[in-house]
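Chemist: Got a structure for you, questions after.
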Amino acid sequence: MNETRRSGAVGEDGGSRLPAAATKPTVDRVPADESNYAKPNRETDRDIRWFIVHVAEREADSTIRWFQNPKSNVSTHHVVDHRTANLTRQVAESNTAWHAGNRSYNRHSVGIEHSGWRNETRFSDELYDVSARLVRWEATRFDFPKRVRRYDIAPCDAMDGEGGIIGHVQVPDPDDCSRRGGANGHTDPGSLWNWGRYEGFVRRYDIESGEHAVVLSDDAVHHGVDGHSCPRDVSAGTVGTATGSVHVHRGEQLYKLDFDGGHGWLSATDLLYVRFDSGSTIETTSGLSVRDEPSGTRLATVPEGTAGTVVDGPVDTGGYRWWKVAYEGGETGWSAGYWLR
């Protein structure tokens, strides 16, 4: 595969974007035992279209040693330490790691194990950033979408559809594809893995005209592309809409965003992609709680297919990205964005 075929991609106004391939994070190399993976030379023989997120239920050092143990019969391509965000490669992407509990998904995916414990570990932005940089590299290399596939089980056959980013819990059982979590019913990465924030890091260099981004810090938005130009009065947490203008200045990719009628420039490192802004129309994909505040007291439950309008957000807490929604039927409150479309 040609790893640089997207280098020099241009924005819609003709301005350049930084190539995703340039963002590959630094990796240590500690090979897994050769008995714990297969060697089909996937760069020529396999179509890789999935990136599967795992949580290890152990520390990073213990995870790495387990994949080196010939008795384990398992491996992933990469391991990230949740304490340090250090990234270790254990299996080359050209080989098939045994991580999904489903042969089809093993053959057509890259797997990444994050140390920590599902439903217990609160993952840092440093970890999300490193993991997301790896996603961008792999997606560019193997040409699969840099998109989180939310809430549903992935297709029975890994070759169906265009692929994307999923959790281990979304891998179908190979004997009954209506069941989740591969052959052993895994539930990772768990309830504290913030998919909205993670995708924000994954997509921060690939935001297109009309899509949205949230500002990460005060004084990050400027009137011009030069960081020394006067800052605009846009506070952290404000959502802007991409105009399509993209510019690379001194090694930084900058976007021109619209903030309620006023424009400003900011670096991709000062924002995260978000799916909605105030005024976006949404629909629930399941029965969904409506809460008085993010992770707060449940006020009501709205059924699957309920439409509404976003009136505030996002707020990232408790493992979810929350949006305040005015639902048809009268309920207004905060709901987890993972189950909104």
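The values are calculated or read from the model by the stated rules, or taken from the named source; none is laboratory data. What you see is a predicted model; the values in this text were computed from it and never measured. So basically every Cβ, Gly included, is an ideal-geometry build from the backbone, and we count neighbours across all protein chains shown. Surface areas here come from the heavy atoms of the whole protein model, side chains and all, with no ligands, DNA or RNA. Shrake-Rupley method; radii C 1.70, N 1.55, O 1.52, S 1.80 Å.
Here's the yes/no breakdown for (1) surrounded by fewer than 16 Cβ atoms within 10 Å (Cβ to Cβ); (2) modelled with pLDDT of 80 or more; (3) over 22 Å from the mean Cα position of the chain (by Cα):
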| residue | (1), (2), (3) |
| --- | --- |
| 10 | yes, no, yes |
| 15 | no, no, yes |
| 40 | yes, yes, yes |
| 49 | no, yes, no |
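Chemist: Looking only at residues that are crowded, with 18+ Cβ neighbours inside 10 Å and not hydrophobic (A, V, I, L, M, F, W, C) in region 51-75, which one is farthest from residue 180 (Cα to Cα)?
Modeler: The extreme case among them is 63.
Chemist: Of a type outside the set (S, T, N, Q), in a strand (DSSP E or B) and over 30 Å from residue 250 (Cβ atoms): does that describe residue 150?
Modeler: Working: of a type outside the set (S, T, N, Q): yes; in a strand (DSSP E or B): no; over 30 Å from residue 250 (Cβ atoms): yes.
Judged against the criteria, residue 150 is not a match.
Chemist: Follow-up question, since we're still on this one. Between a residue in region 218-237 that is within 12 Å of residue 264 (Cβ to Cβ) and in contact (Cβ under 8 Å) with a residue 24 or more places away in the chain and any residue that is open to solvent by less than 50 Å² (accessible area, probe 1.4 Å) and among the hydroxyl-bearing types (Ser, Thr, Tyr), which pairs come within a Cβ distance under 7 Å, given they are 6 or more apart or on different chains?
Modeler: 222/229; 223/229
Chemist: Still on this structure: For region 166-249, list the strands (runs of 3 or more DSSP E) that sit wholly inside it and hold at least 1 residues that are open to solvent by less than 30 Å² (accessible area, probe 1.4 Å), in contact with an Asp or Glu (Cβ under 8 Å, 6 or more places away or on another chain) and modelled with pLDDT of 95 or more; which are they?
Modeler: Per the criteria, 212-215, 239-249.
Chemist: Continuing with this model, one more query. When you check residue 316 against the structure, is it on the phi < 0 side of the Ramachandran plot, under 20 Å from the mean Cα position of the chain (by Cα), surrounded by fewer than 21 Cβ atoms within 10 Å (Cβ to Cβ) and not β-branched (Val, Ile, Thr), yes or no? Before the answer, list the steps.
Modeler: Numbers: on the phi < 0 side of the Ramachandran plot: yes; under 20 Å from the mean Cα position of the chain (by Cα): yes; surrounded by fewer than 21 Cβ atoms within 10 Å (Cβ to Cβ): yes; not β-branched (Val, Ile, Thr): yes.
The answer is yes for residue 316.
Chemist: Out of 274, 310, report the one residue that is β-branched (Val, Ile, Thr) and either over 22 Å from residue 214 (Cα atoms) or touching a residue at least 40 places away in the same chain (Cβ under 8 Å) (or both).
Modeler: Working: 310 fails: either over 22 Å from residue 214 (Cα atoms) or touching a residue at least 40 places away in the same chain (Cβ under 8 Å) (or both).
Answer to the selection: 274.
Chemist: Among the residues of region 276-302, what is the count of those that are in contact with a Leu (Cβ under 8 Å, 6 or more places away or on another chain) and open to solvent by 30 Å² or more (accessible area, probe 1.4 Å)?
Modeler: Looking only at that region, the number is 4.
Chemist: If you go through region 264-274 one residue at a time, do you hit one that is of a type outside the set (S, T, N, Q), part of a loop (DSSP other than H, G, I, E, B) and open to solvent by 20 Å² or more (accessible area, probe 1.4 Å)? Lay out the reasoning, then the answer.
Modeler: Looking only at region 264-274, we keep the residues that are of a type outside the set (S, T, N, Q), and these are 264-266, 268, 270-274.
Now drop any that are not part of a loop (DSSP other than H, G, I, E, B), which leaves none.
No; the residues of region 264-274 include none that is of a type outside the set (S, T, N, Q), part of a loop (DSSP other than H, G, I, E, B) and open to solvent by 20 Å² or more (accessible area, probe 1.4 Å).
Chemist: If you go through region 319-341 one residue at a time, how many are outside any strand (DSSP E or B) and either in contact with a Leu (Cβ under 9 Å, 6 or more places away or on another chain) or open to solvent by 50 Å² or more (accessible area, probe 1.4 Å) (or both)? Before you say what the answer is, go through the steps one by one.
Modeler: So the first thing to find is which residues in region 319-341 are outside any strand (DSSP E or B), and the list is 319, 328-331, 337-339, 341.
If we keep only those that are either in contact with a Leu (Cβ under 9 Å, 6 or more places away or on another chain) or open to solvent by 50 Å² or more (accessible area, probe 1.4 Å) (or both) too, we end up with 319, 328-331, 339, 341.
Residues flagged as outside any strand (DSSP E or B) and either in contact with a Leu (Cβ under 9 Å, 6 or more places away or on another chain) or open to solvent by 50 Å² or more (accessible area, probe 1.4 Å) (or both) within region 319-341 amount to 7.
Chemist: Name the one entry in 157, 61 that is under 25 Å from residue 175 (Cβ atoms) and free of Cβ contacts under 8 Å to residues at least 60 places away in the same chain.
Modeler: Numbers: 61 fails: under 25 Å from residue 175 (Cβ atoms).
After ruling out the rest, the residue left standing is 157.
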